[in-house]
Each structure stands twice: as structure tokens, then as C-alpha cells.
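Q: Structure incoming, see below.
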Amino acid sequence: MTMDLDTALLRAFVSVVRNGSINRAATLLQRTQPAVSLQIRKLEQQLGQPLLERSPRGIRLTGAGEALLPYAERLLTLTDQLVPGLGGLPACEQHRRIGIMEDFTGTRLPRVLADFASVHPGLRLSVTVGMKVELFTAMNAGELDVMVSSPLADSSLLPKPDAQFMCPLAWFAARGKVLTTSPSLPLVIFSAPCSWREQTLATLNRAGQPWHIVFESASLTAIQAAVEAGLGVAAMLADTPPAHSRCVNDGSLPPLPGMPVGVYRQSGDNDPLTRRLAELFCRELDAPIATAA
């Protein structure tokens, strides 16, 4: 007997598998969690066997699910190529340009790209990583569609962000190395001009903590390496800790303020794909951060 499979059910199944969560799949598909769960149950009933195993650790494919997945992905790819508006245009005709500060490339960017690509596999994305002055220059020149950056001091002539978030900063030092604050705190710090640098030094000055700079760079990777090598302590985003480092939260250093970060689009841009991409960045920036111990 011939069986006709509903592509909407297959799309829900593939999205859940790719994202490892019914909640995340529902967000990306712009449906409610119960609606996506119902689609999975309907597909399982139609095929006569379970496709997913649910546990406190998340979602895992059954044998039948593993067998179905490659066929489901291929069917959806063919469908998207045939039906206009579902991501079937050639990649060269679908192109979105992202500008992002280096600090967000390690954790936030991969999640956004993975989630976006799972729903829009035919879209070509290009990413520009740079400092905020460079990013704003590119944004104002029309070279970026979505930008994630700290705001500039003078934003009177710049686009207003879709949303702005306060991202926590934390002190990080090499694991196992004793941090000395007397007579002066050794600092690993971002090169000027940098608003985070200014906030870090202002925080120490207000607390009456003497400091001296032992290493500075505009590169996040270089800052992380210097901290890991034990050169000094650095103020960084809470979700970008250097390898083999520890968060200094024992009260020996003054608490750091949060740093504003905005998600920007071109003024007047009502493109649904660009808007969805910006929404995914907003979701990631709004998510709680687990500070390293």
C-alpha cells in the first residue's frame, strides 16, 4: 500500500532532531510546543513505530528514527527547491550579511547559524568579524544586513537597535595560579579604543585597586591566551572564559558592570528572513549565562 507522508510532519521531525529539543524546534517553526509534539505523534502513528526517545537528557533517535532521518531531509530539500518561498531559490539569490564582534563568535554565533540553517538550508550567509567602529561603518555603508555590537558613544546618526541587552562581564585568571592584588593588580586588557577597557579601569579606580597593564591586544584569542598563560587577570564576557581559567568571584576584585550589546538591522528593512535572523540573535543574547567556576 502506498503511503503519502505529510511534509509538515517531516519538517517538524527534522527540526526537532537537528535542534535536540522540541522547545527550540517550536520556536524556529513559529509554532507552540504542543503543536510540534502532536506532529511528531502523528508521524509516529502514520509509520507505526516510535521515532524519538524522550529523557531528562533530551531527545534521542530510535532505530526507526535514524533510518527515516536521511530520507526526510532529502524529501524536504527537494520540496524546498520545488516550492517558491520555502528556501528553494539558488544560494546566490539568497544572501544575508552578518556583522558581529569577535566576543560573540565562540558560543552565540554557531547556535544562531545552526538554528537558522536548519530552517533555511538554501540561504547563503557571510559573516564579518570586527571591532564596533568597523562594524558600524560597514552597517552605515549598507554592507551588512544584521549586526551584533556594543553601541558607539555617539549614536545620533546611527540606526537604532531592534533590541539591546546588558551582557555580564566577569574577572578571569589562570586556574591554579595565585592572583596577587598588592601592590598592584596585573591586567590583561583589550587595546584602546574600547568601552570595555574604559569600564574595567573605571571600576578598579573607583574601588581604589591599583593596577598595571601586563598585556593588551584587540584580539579576543590573544587575550584568552594571555590569561591562560597566567600573565594576569582580564575582564571578559561571562561566556567567553579562556581555557584552563577560573572566574574570580571570591570578592577580591570589585564587581563589573554589564555591557550593553545591541542587535541592529538596516533602517526600514522588513525582509522576513533578516528579521528572523535578528530575532535568533536576540534570543541568544537574552539567554541566561552560566559563569565559569
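No lab work stands behind these numbers, since they all come straight from the coordinates. Just so it is clear, the model here is predicted, and its values are computed rather than measured. Virtual Cβ from ideal backbone geometry, glycine too; neighbours counted across all protein chains shown.
Q: If the cut-off is a Cα-Cα distance under 29 Å, which lysines reach LYS132, setting aside same-chain residues fewer than 8 apart in sequence?
A: Excluding near neighbours in sequence, the set is LYS160.
Q: With runs of 4+ DSSP H residues as the only contributors, calculate the mean residue ellipticity of the chain at 222 nm using -39,500 (n - 2.57) per run, divided by the residue total and rounded to the nearest 500.
A: -12000 deg cm²/dmol
Q: Also, quick follow-up: Once the dipole of the range 25-71 is set up with Lys and Arg at +1 and Asp and Glu at -1 on Cβ about the Cα centre, which of PRO34, LEU52, TYR71 lies farthest towards its positive end?
A: So the residue we want is PRO34.
Q: In which sequence would MET236, MET166 go, from the one with the fewest C-beta neighbours within 10 Å to the one with the most?
A: If I rank by nearby Cβ atoms, fewest first, I get MET166, MET236.
Q: Could you work out how far helix 195-206 tilts from the main Cα principal axis of the chain, as a 0 to 90 degree angle to the nearest 10?
A: Orientation of helix 195-206: about 40 degrees from the principal axis.
Q: Which label belongs to the value computed from this structure, given these candidates for Rg and Dmax of the Cα atoms in Å: [x] 19.9, 60; [y] 23.0, 82; [z] 18.6, 60?
A: The calculated read-out lines up with [y].
Q: Arrange the peptides 24-34, 212-222 so that the one whose residues have, on average, the most other Cβ atoms within 10 Å appears first.
A: Those peptides, ordered most packed to least, come out 24-34, 212-222.
Q: Measure nothing but the geometry: give the 0 to 90° angle between the long axis through the Cα atoms of 63-82 and the longest principal axis through the Cα atoms of the chain, rounded to 10°.
A: Tilt relative to the chain: about 90 degrees.
Q: Give me the percent relative contact order of the chain, please, defined on Cα pairs under 8 angstrom at least 6 residues apart.
A: On the way: 451 pairs, mean separation 53.8, N = 293.
This gives 18 percent for the chain.
Q: Would you work out the charge dipole size for the chain about its Cα centre, treating the Cβ of every Lys and Arg as +1 and the Cβ of every Asp and Glu as -1, and quote it to the nearest 20 debye?
A: Details: 26 positive and 26 negative charges, 119 e Å.
Dipole size: approximately 560 debye.
Q: Oh, and also: Using only alpha carbons, build the gyration tensor for the range 7-82 and give me the equivalent ellipsoid semi-axes, biggest first, whole Å.
A: Gyration-tensor ellipsoid for the range 7-82: 18, 15, 11 Å.
Q: Here's a follow-up. Could you work out the relative contact order of the range 7-82, using alpha carbon pairs under 8 angstrom and six or more residues apart, expressed as a whole percent? Could the numbers behind the result be given before it?
A: Working: 65 pairs, mean separation 24.4, N = 76.
After rounding, I find 32 percent.
Q: What residues qualify as long-range amide H neighbours of LEU52, i.e. H under 5 Å apart, gap of 5 or more or another chain, H built at 1.01 Å from N?
A: THR62
Q: While we're here: Any chance you could check the Cα centroid distance between the range 117-184 and the range 1-69 for me, in angstrom?
A: 35 Å
Q: Also: Tell me, MET259, MET147 in order of fewest to most beta-carbon neighbours within 10 Å?
A: In increasing order of surrounding Cβ atoms, one gets MET259, MET147.
Q: Dividing the convex hull volume of the alpha carbon atoms of the range 120-231 by its residue count, what do you get in Å³ per residue?
A: 153 Å³
Q: Then there's this: Using amide H atoms built in the peptide plane, which far-off residues or other-chain residues are under 5 Å from VAL248 H to H?
A: TRP171, PHE172, ALA173
Q: What's the extension gain from CYS247 to THR105 if we count 0.36 nm per residue and subtract their Cα-Cα distance?
A: Values: separation 142, 0.36 × 142 = 51.12 nm, distance 2.02 nm.
The CYS247-THR105 span can extend by a further 49.1 nm.
Q: Among PRO193, SER219, LEU253, flag the residue with its Cα farthest along the positive direction of the charge dipole of the range 169-257, charges on Cβ as +1 for Lys/Arg and -1 for Asp/Glu.
A: Sorting the options by dipole projection puts first LEU253.
Q: Taking the Cα centre of the range 169-257 as the origin, how large is its charge dipole in debye, to the nearest 20, when only Lys and Arg (+1) and Asp and Glu (-1) carry charge on their Cβ atoms?
A: My answer is approximately 120 debye.
Q: I've got another one for you. Report, to the nearest 10°, how far helix 108-119 tilts away from the longest principal axis of the Cα atoms in the chain, using its own Cα long axis and a range of 0 to 90°.
A: Here the helix axis deviates by roughly 10 degrees.
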